[in-house]
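To start, the structure itself, in structure tokens.
Just so it is clear, none of the values below were taken in a lab; they were calculated from the coordinates. Note that the structure is predicted; figures quoted are calculated from it, not measured. All Cβ positions, even for glycine, are placed from backbone atoms using ideal geometry, and neighbour counts span all protein chains on display.
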Amino acid sequence: MIIIKPKTEFVVTVEAELTPDLAEKDVEEIKKFKVYYGKDVVELEELFEVTKEGDDKKLVLDGDFSRVKWIGCRMSDGEIVVKGNVGANCGAYMAGGKIVIEGDADDWLGAEMKDGEIVVKGNAANLVGCAYYGEATGMSGGKITIEGNAGNYIGEKMAGGEIEIKGNAGDFIGTEMKGGAITIHGNCGFVGGDMKAGEIKIGGDFELVPTFVKQEDAWVGDVNVKGEGVVRRL
Amino acid sequence: MAEENIICTFCGSVCDDGLFDTEKFKSKRLCKLGSSKFSKKERIKAPMIDGKEVSYEEAIEKAAEILVNAKKPLLYGWASTVNEAIRLGVILTEKVRGVYDQCASVCHAPGTLAVIEEGLPGGSLGAIKNRADVVVFWGSNPMEAHPRHGMRYSISAKGLLIKDRKQRKVIVVDVRPTKTAKVADEFIQIKPGYDYLIISALRAIISGNADAVPDEVGGVSKEKLVELAETMKNAKYGAILYGLGVTQSRGRDRNIENAVKLIQLLNRHTRWIIWPMRGHYNVVGAGEVPTWEVGYQYAIDFSRGYPRFSPAEFSAVEVLKRKDCDAALVIASDPAAHFPKAAVKHLKNIPVIQIDPFPNMTTLVANVVIPSAVAGLEAEGTAYRMDGIPLRVKKVVETNYWSDEQILEKLLEKVEELKR
Amino acid sequence: MHHALHIKNGIVIDPKNGVKAEKMDIFVKDGKIVEESEVKGEDVKVIDASNKLVVAGGVDMHAHIAGSKINTGRTMRPEEMRVVRNIANKFRAAVGRVLLTSPAIGYEYAKMGYTSSFEAAQPPIGAMHSHEELDAIPMIDKAALPVFGNWHFVFKYVEAKDIEKLKTFIAWALERTKGFGVKVVNPGGVEAWMYGGNVTSLDDQVPGFNVTPREIITSLIKAVEELKLNHSVHIHCNRLGVPGNYETTIETIKLAGGFSNDARQVLHVTHVQFNAYAGDSWRTVSSGAEEIAKTVNSMDNVTIDMGQPIFGHATAMTGDAPFQFTLHKLTGARWSNKDSEVEGGAGIVPLVYLPKNPVHALQWAIGLELGLLIDSDKVVLTTDYPNGGPFTEYPYVMAMLMSKKMREGELEKVSPFVQKATNLPAIDTEKTLEEIIHMTRSLPARILGLPQKGHLGVGADADIAIYDLNPLEIDTSNDFEKVYKTFKTAEYTIKSGRILAKNGELVDEYWGKTYWVDATGRVDMEAIKPDIEDYFKYYSVELQNYGVEEGWLKKPERIVI
Amino acid sequence: MLEVEVISGRTLNQGATVEEKLTEEYFNAVNYAELSEDDWNALGLQEGDRVKVKTEFGEVVVFAKKGDMPKGMIFIPMGPYANMVIDPATDGTGMPQFKGVKGTVEKTDEKVLSVKELLEAI
């Protein structure tokens, strides 16, 4: 297990593609891991304290990582625990393993995620499980659980996997969704625009786009794309 | 006669039929906005460092130092200068590994995101004036923002097929009865924030799925929506011209993306185009130039030595709100006046370089102020009208002010020197 | 600083000058190829090219490299921009997968040994934008072909059968756009698109005008030939991308019948692959390449280029707006369109060519059939970048045309549909290295009418590529992998006498010329002035603000007719 | 106090003075809120009165103007006053929500800050 602690308050954001793979390296090697700090490429130890405890494939990010981006991007196994908040693109393109964020997550959490699990104990921001601009497919597998609230644009172009939000969510849920499932326990805004397939379940209030057809216990649409997406009450 | 032809460098209409009397310093034929542009105004007198007047060379040297010493400088603005200057600005940003962003970021950039999602089925303003028998202003208000647009290109403009105002139906869709609504043939008032749903409903009606649509959507009756859908289908050549009412409100890019899908559908029946009513005279250039130079229109980060695009991370408002830059160069723009206060706050805390002809709110927070010549009046260069048509704006008045291009050329030189 | 060069002991292939793989030395001074005596006493840099192939720099006569179309393509496709080719240092940052940024275009051509490229469709009113982008492309010489086939002025003069005025208009337009030649895209069809339609044959009437595509094409050929422009009419035929279109293509080619020119063709038909489909639907579609090849081979005044698709990503961007909409409907992909004043239009749609897709495989096979079946003196190698894919894959096409064995290997990977719908599997032809060098250098230079390009004779521009390939030893039939690899990266790329790239590394930045053709001296410009002034009421800009002045360009090179 | 939806946008006067931000003309072009007649009457406003506009994101004092607005909606010209109360969240798009922000409006005796004072207050 590797424990990484910020040494200072960062002047600008840091980009650190930290994955549990690091834990398999020698501590001196880990300290030399390259991270981006503005225009400078610096070694991990220049910005963070790094300690190693045992050999399990786990990173503990101890402190405020809200200004550190790309944590866990492309990780395929092992575990990351963030003791505070985390910056944008956390868990992007993730293919396996687990990320637990004890604080809040920023935009693009689990974007284009393929497998694995992300748990956010606090709130998440926008674009959870979405596709990056120009790409056709968002999240395609795995699970994202958000204990608190989430922002706008959740699961756009999502093709598989599961997003569960225990609190409220914002606008544009499951836009152009083509598979997978989104569950929102609280309220949210617009739901289901151009949804092709998949399922959205909502506990609270929401506004469905006006192009779904009411069936027995659910709405099916979006008719604009001959969609067979299902939206129902939780 | 001291009268010269001018091309107006105020709004995105870039009217090219203006006249300017260099003796009286007064324009003719331009609208209120254009006339104000081509009139005597208070100027920044001289280059300044921390309020003290200095030479251009000194100010530029100081600016270069700030940029080179920054970890992540933000270089923002660009919409009110010419392509030649913008190109140097992009290269400068690449060189100092900063963030390039431009005014569209708080204006029409959601339209760019919609282009990424669905494309831009459009046409030039000349195509609209010649052919459009139905024009829909959706969340746009040219009578206030582009006063001669209607007369030259869209509302009363006459062309090849449209010989008379009566041959064109003008519809305004907005949340309030704007000045443009008052000159339209029809005004459809919608509930704020419901553009997306209304467009979805229109698409369903046009594609034969009217059954799914409820009796009322976004404050508009189904009957009215069916009527609008029919008008659209029966047009010979229709145009949706959208504005900030769509890009700056709930839904933003998704509204436009949905409208583009509507246009795609309508072209299966007849001809329709969609186009943004771009604001500043060369905000199009501020996006086109970086696109050919580095691949993206705005929100571009160079910290890794190559361009990356991400509005959530690299748009000026996000960068400032997140305190994610440690210096800023502001050119041909006034973020201190036009950004939300949460973003302005950080501008007050970092070194700011300003290049602009006129004192504005950003001047009040700038450490280095470099006055520049007014493009279209004191400096020439290429600008792209809102529809991307290039026009060469002119220099009709002599000046001692340096042009943006000159300033940036020197600044780039200085930066290269310091990096060596 | 300014070295003369002595390229020593290279094996030179220079088809224009009849040099077939001969060991010889090449001398360069002041950007030109010179006699040995000229460099005596100069500070000469010697390049040892022993056992290496020395040829003229490649000439790309048809690519979409600059202007509003490619730039809208870039805007629309950020996913294309995530491939990093160069990190900013001595050279600019350069990115792009198939769609490249302007710096990347220049750098990639240079790495490959290409030194000139022609933008194949310049919207006249957007001319300045095309030129700004051309000016942002380093390393190569360039030019742009403005599009004429849907311009109302052209319709009017063709309608009036007034060839003199048409000639004058062409001269006016080339001067205003700083254009190089006359491009025609789906003549009449784009005007029909303004009403939601297209033309379906050479004899459809264009809406609003009493003219047909046939009349537009023949009138433009006549006008261009009388003006004696460097380049002939360069046509993108009607009915592009429609099964059965090969017949229209053949009919179009035959329109050149009545014309002749001693120096070059009178009609260049571009990216013919997209216009070479037989059958009457996508179910019954098959190759029409053989018939087209027969027609082209039987004529001495027509040339074509291939428009070869490369499997993988591409972006369709043409002035053929109705075709682009059809493509959008077919694929459901993003779609941009631009109706441009009274000049025509354009469209852009992303696409991907998949080897297992029967239609894509067919397109791929047809391109190769055209390349193989048409005389090497009449067919130029292109991908119609980025419509067929990247220009950086020209070496793939070169190798394929030279090796049946390579084709057999590739045929195994593609949809079996090509076995019955094309003759590619049965074609034994293997082009020689000399033919391939001709198809990529001397032939396009001749077609464009640029005597200083595409060869290594004394007086030519010193645009030279050296490849690590001994033509006396290479077995192009069997060593296709080496051929492919070698042509991807020149050992040296020399532009106007300066070494720009070495083994794929950029070493020097150079800004090439932009050629434009000035034919105003051959016509009476006053004759059309009233017409232009009058018809400009249908423009949204003033006549006085229309066009590009020479002084606005970085390195203009005026060719006076 | 009334609950309203705040929108901002361009106006002719704002545009005509935008290059003279430190002048009285610009100040006058951007320092007001337009209200519907109903809302005007409900707040008992008179010509020259000021209102305080409050949203989740801030508050600002501006002059009140009667305008052709739907009931429950107020318009502030784009500029520094509107930007005190609009929603700075961009939801990942880079674009703050300049239009359609829920808030309240009430009559006030407080003065309207100058452009400079406004900047200092941030």
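Using only the alpha-carbon atoms, how far is helix B:252-266 inclined from the longest principal axis of chain B? Give it as 0 to 90 degrees, nearest 10.
Rounded to the nearest ten degrees, it is 40.
Describe numerically, in nm with one decimal, the distance between label points set 7 Å from Cα along Cα→Cβ at A:Lys226 and at B:Glu398.
Here the modelled spin labels are 7.1 nm apart.
Taking beta carbons within 10 Å but only from partner chains, what does the mean come to for residues B:389-395? Intermediate values should be presented prior to the final figure.
On the way: counts 13, 13, 6, 6, 1, 1, 0.
Mean partner shielding for this stretch: 6.
Taking the Cα centre of chain D as origin, work out the dipole magnitude from +1 charges on Lys and Arg Cβ and -1 charges on Asp and Glu Cβ, in debye rounded to 20.
Working: 13 positive and 22 negative charges, 20 e Å.
With Lys and Arg at +1 and Asp and Glu at -1, about 100 debye.
Just checking the output field for B:108-116: average partner chain Cβ neighbours within 10 Å of each residue's Cβ?
4
Take each of the peptides C:408-414, C:514-520, B:125-131, average the number of other beta-carbon atoms within 10 Å over its residues, and list them starting from the highest.
My ranking of the peptides, most packed first, is B:125-131, C:514-520, C:408-414.
I'd like to compare C:158-168, C:227-237, C:373-383: which one has the highest average count of other Cβ atoms within 10 Å, and what's the full order after that?
Working: C:158-168: 19.4, C:227-237: 24.5, C:373-383: 22.8.
With the highest mean Cβ count within 10 Å placed first, the list reads C:227-237, C:373-383, C:158-168.
Modelled label-to-label distance, A:Asp77 and C:Val560, 7 Å Cα→beta-carbon offset: nm?
So the two model labels end up 7.6 nm from each other.
Over chain B, with a Gaussian network built from C-alpha contacts below 10 Å, which listed residue (B:Thr81, B:Thr382, B:Thr22) shows the highest mean-square fluctuation?
B:Thr22
For a quick check of your reading of the filter: which GluC sites (Glu not before Pro) in the range D:1-102 sit in a DSSP loop and have no more than 14 other Cβ atoms within 10 Å? Present the calculation step by step, with values, prior to reporting the outcome.
Values: sites: D:Glu3, D:Glu5, D:Glu19, D:Glu20, D:Glu24, D:Glu25, D:Glu34, D:Glu37, D:Glu47, D:Glu56, D:Glu59; in loops: D:Glu19, D:Glu20, D:Glu47, D:Glu56.
Passing sites in the range D:1-102 are D:Glu47, D:Glu56.
Just grab the label-to-label distance for C:Arg264 and C:Tyr195, each label 7 Å out from Cα along the Cβ direction, in nm (one decimal).
Reported label-point gap for C:Arg264 and C:Tyr195 is 3.5 nm.
For chain B, what is the mean residue ellipticity at 222 nm derived from helices alone (per DSSP H run of n ≥ 4: -39500 (n - 2.57); sum divided by total residues; nearest 500 deg cm²/dmol)? Mind showing how you got there, number by number?
Details: 18 runs with 157 residues, N = 420.
Helix contribution divided over all residues of chain B: -10500 deg cm²/dmol.
Which trypsin sites (Lys or Arg not before Pro) from the range A:171-233 combine a DSSP loop assignment with at most 11 other Cβ atoms within 10 Å?
A:Lys226
How large is Rg over Rh for chain C, taking Rg from the Cα atoms and Rh as the Kirkwood inverse mean of 1/r across Cα pairs?
Radius of gyration relative to Kirkwood radius: 0.95.
With the Cα gyration tensor of the protein assembly as shown giving a ≥ b ≥ c as the square roots of its eigenvalues, does the rule (a/c under 1.5 for rounded; else a/b larger than b/c for prolate; else oblate) give rounded, prolate or oblate?
Judged from the Cα gyration tensor, the protein assembly as shown comes out rounded (a/c under 1.5).
By the scheme Lys and Arg +1, Asp and Glu -1, what is the net charge of all other residues having a beta-carbon under 10 Å from that of B:Val173?
Its environment carries a net charge of -3.
Per-residue Cβ counts within 10 Å, from other chains only, averaged over B:40-47: what number is that?
1
Round to the nearest 0.05 the FRET efficiency obtained for C:Val83 and B:Glu23 when R0 = 41 Å and r is the Cβ-Cβ distance.
The formula returns an efficiency of 0.15 here.
Give the residue from C:Ala88, C:Ala421, C:Gly345 lying farthest towards the positive end of the charge dipole for chain C; charges sit on Cβ (+1 for Lys and Arg, -1 for Asp and Glu) and the dipole is referred to the Cα centre.
C:Ala88
Take every DSSP beta bridge whose two residues both sit in the range B:109-276, then give the antiparallel share in percent to the nearest 5.
On the way: 2 of 22 bridges.
Taking every DSSP beta bridge with both residues in the range B:109-276, the antiparallel ones total about 10 percent.
Using the number of other C-beta atoms within 10 angstrom as an exposure proxy, rank B:Lys419, A:Lys83 with the fewest first.
B:Lys419, A:Lys83
What Kirkwood hydrodynamic radius do you get for the range C:360-502 when you take the inverse of the mean 1/r over all pairs of distinct Cα atoms, in Å? The partial results should precede the final answer.
Details: mean 1/r = 0.0619 Å⁻¹.
16.2 Å is the Kirkwood radius here.
May I ask you to derive the FRET efficiency for C:Lys8 and C:Thr331 from their Cβ-Cβ distance with R0 = 41 Å, giving the value to the nearest 0.05?
The pair C:Lys8/C:Thr331 has a calculated efficiency of 0.20.
Considering only DSSP beta bridges whose two residues both sit in the protein assembly as shown, what percent are antiparallel, to the nearest 5?
The answer is about 45 percent antiparallel.
Grab the DSSP H runs of chain C that are 4 residues or longer, score each as -39,500 (n - 2.57), total them, divide by all residues and round the 222 nm result to the nearest 500 deg cm²/dmol. Don't skip to the answer; put the middle values down first.
Values: 18 runs with 169 residues, N = 561.
Result for chain C: -8500 deg cm²/dmol, rounded to the nearest 500.
Please give me, ordered by residue number, the trypsin sites (Lys or Arg not before Pro) of the range C:259-367 that lie in loop per DSSP and have at most 13 other Cβ atoms within 10 Å. Working shown, then result.
On the way: sites: C:Arg264, C:Arg283, C:Lys294, C:Lys329, C:Arg334, C:Lys338, C:Lys356; in loops: C:Arg264, C:Arg283, C:Arg334, C:Lys356.
Passing both the DSSP loop test and the Cβ count: C:Arg283, C:Lys356.
For the Cα atoms of chain B, what angle does the longest principal axis make with the long axis of helix B:404-419, in degrees from 0 to 90, nearest 10?
For helix B:404-419, the angle is close to 50 degrees.
Considering only DSSP beta bridges where both residues belong to chain C, give the percentage that are antiparallel (nearest 5).
Taking every DSSP beta bridge within chain C, about 55 percent pair in antiparallel fashion.
List, largest first, the extents of the alpha carbons of the range A:103-234 along their principal axes, each in whole Å.
39, 30, 20
By counting other Cβ atoms within 10 Å of each Cβ, how are C:Leu134, C:Leu330 ranked from fewest to most?
C:Leu330, C:Leu134
Once amide H atoms are placed 1.01 Å from N in the peptide plane, what residues at a sequence separation of 5 or more from C:Ala121, or on another chain, have their amide H within under 5 Å of its amide H?
Placed amide hydrogens put C:Leu145 under 5 Å from C:Ala121.
At q = 0.08, 0.14 Å⁻¹, what is the base-10 log of I(q)/I(0) for chain B according to the Debye formula with one equal point scatterer per Cα and no solvent? Please give it to two decimals.
Results for chain B at q = 0.08, 0.14 Å⁻¹ read -0.46, -1.22.
Taking the Cα centre of the protein assembly as shown as origin, sum charge times position over the Cβ atoms of Lys and Arg (+1) and Asp and Glu (-1), and report the length of that vector in debye to the nearest 20.
1480
Using a 10 Å cut-off around each Cβ, can you sort C:His360, C:His129 from fewest to most neighbouring Cβ atoms?
C:His360, C:His129
Given Cβ point charges of +1 (Lys, Arg) and -1 (Asp, Glu) and nothing else, what value in debye, to the nearest 20, does the dipole of chain C about its Cα centre take? Don't jump to the answer; show the numbers that get you there.
Values: 61 positive and 74 negative charges, 227 e Å.
Charge dipole of chain C: 1080 debye, to the nearest 20.
To the nearest 10 degrees, how steep is helix B:283-294 against the longest Cα principal axis of chain B, on a 0 to 90 scale?
Its long axis makes an angle of about 70 degrees.
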